[in-house]
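Here the structure is laid out as structure tokens; the discussion comes afterwards.
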Amino acid sequence: MESLNKNVCNCKKVSFDKIEDSIKNGADSFEKVVEETKATKGCGRCKSYVEDIVKSKLNK
């Protein structure tokens, strides 16, 4: 089983769990998750992956 602690954003060292925690703590949009976690603020290659995670979590 793949660890959810694996970094989604390697530049800023943001894990799947950190993104999930951000949403649980009230971040209710992609922009708010980025503001809180700094994911996608490095090279930006993870942007679509982070967007997919946020959409998936917010649509539950």
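The values are calculated or read from the model by the stated rules, or taken from the named source; none is laboratory data. Keep in mind it's a predicted model, so treat the numbers as computed, not measured. A quick note on method: Cβ atoms are made from the backbone with ideal geometry, for glycine too, and the neighbour counts reach across all protein chains shown. Accessible surface areas use protein heavy atoms only, side chains included; no ligands, DNA or RNA. Shrake-Rupley method; radii C 1.70, N 1.55, O 1.52, S 1.80 Å.
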In whole Hz, what ³J(HN,Hα) sequence does segment 16-32 give by Karplus (6.51, -1.76, 1.60; θ = phi - 60°), x for Gly and Pro?
4, 4, 5, 5, 4, 4, 4, 5, 4, 8, x, 5, 10, 7, 4, 4, 5
Residue separation between ARG45 and GLU31 times 0.36 nm, minus their alpha-carbon distance, gives in nm 3.4 nm
Charges only on Cβ, +1 for Lys and Arg, -1 for Asp and Glu: so what's the dipole of the chain about the Cα centre, in debye to the nearest 20?
180
Computed over the Cα atoms of the chain, the Rg and Dmax in Å are 10.3, 30
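Can you work out the accessible area per residue across the chain, with the rest of the protein chains kept in place, probe 1.4 Å, in square angstrom? All intermediate terms of the calculation are to be shown ahead of the outcome.
Working: 4210 Å² over 60 residues.
Ligands and nucleic acids excluded, the figure is 70 Å² per residue.
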Amide hydrogen neighbours beyond the local backbone of VAL14, cut-off 5 Å, H modeled
VAL8, CYS9
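Out of the chain, which chymotrypsin sites (Phe, Trp or Tyr not before Pro) are coil in DSSP terms and have no more than 11 other C-beta atoms within 10 Å?
Working: sites: PHE16, PHE30, TYR49; in loops: none.
Loop-located and lightly packed - none at all.
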Hey, if you put +1 on the Cβ of every Lys and Arg and -1 on every Asp and Glu Cβ in the chain, which of ILE23, VAL54, ASN7 ends up farthest toward the positive end of that dipole?
ASN7
What is the percent carbon and sulfur in the accessible area of the chain, measuring with a 1.4 Å probe over the protein chains and ignoring ligands?
45
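Report the extension gain between ASP21 and LYS38 in nm, rounded to one decimal, defined as 0.36 nm multiplied by the number of residues separating them, less their alpha carbon distance. Intermediate results must be reported in sequence, preceding the final value.
Details: separation 17, 0.36 × 17 = 6.12 nm, distance 1.34 nm.
Value of the extension gain: 4.8 nm.
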